[in-house]
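I have placed the structure first, in the form of structure tokens, so that the comments after it can refer back to it.
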Amino acid sequence: MDVIAWITRLAFFLVALWLALENTVTVPLRLSAALQWNSVPLVLVMLACFVAGVLAGTLALVPRMLRRRRARAPAPRSVIAEQQAAELALTRAARQGGAAGDLELEPRTRR
């Protein structure tokens, strides 16, 4: 598996190197009427666009990552205690009603 990863990295590097060597021409870069450069290497413009895309994608994923992290967080002790109390009450009610003869009275402990 490591060999495949290194081959992929090498291929990516060679493609990036080839693009950098093929795109050495300078281009004018105009961000606004007041902010412009007349000769910027095209490879720098491409690199800046790539980095901007990576940052935008990362920022778009942050809310989803935070939601998943919050969902995986352990429940507070009060919630666990309430769940255990509800299980115990349900077990007692089932035994009193005759619906469950062999149910345990102690609630299950969570791991």
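Results, tabulated for the structure shown:
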{"quantity": "Carbon plus sulfur fraction of accessible area for the chain, probe 1.4 Å, in percent", "calculated": "65 percent"}
{"quantity": "Calculated over the chain: convex hull of Cα atoms, volume per residue (Å³)", "calculated": "214 Å³"}
{"quantity": "Of the DSSP H helices in the chain, those whose Cα atoms cover at least 27 Å axially and whose Kyte score averages 1.6 or more", "calculated": "2-22"}
{"quantity": "Cβ-placed point charges (K, R +1; D, E -1), dipole of the chain about Cα centre in debye, nearest 20", "calculated": "360 debye"}
{"quantity": "For the range 1-81: accessible area per residue (Å², 1.4 Å)", "calculated": "90 Å²"}
{"quantity": "FRET efficiency, R67 to V25 (Cβ-Cβ, R0 30 Å, nearest 0.05)", "calculated": "0.10"}
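The values are calculated or read from the model by the stated rules, or taken from the named source; none is laboratory data. Note that the structure is predicted; figures quoted are calculated from it, not measured. Here Cβ is always computed from backbone atoms with ideal geometry, including for glycine, and neighbour counts include all displayed protein chains. Please note that ligands, DNA and RNA were not included when accessible areas were found on the heavy atoms of the full protein model with its side chains. Shrake-Rupley method; radii C 1.70, N 1.55, O 1.52, S 1.80 Å.
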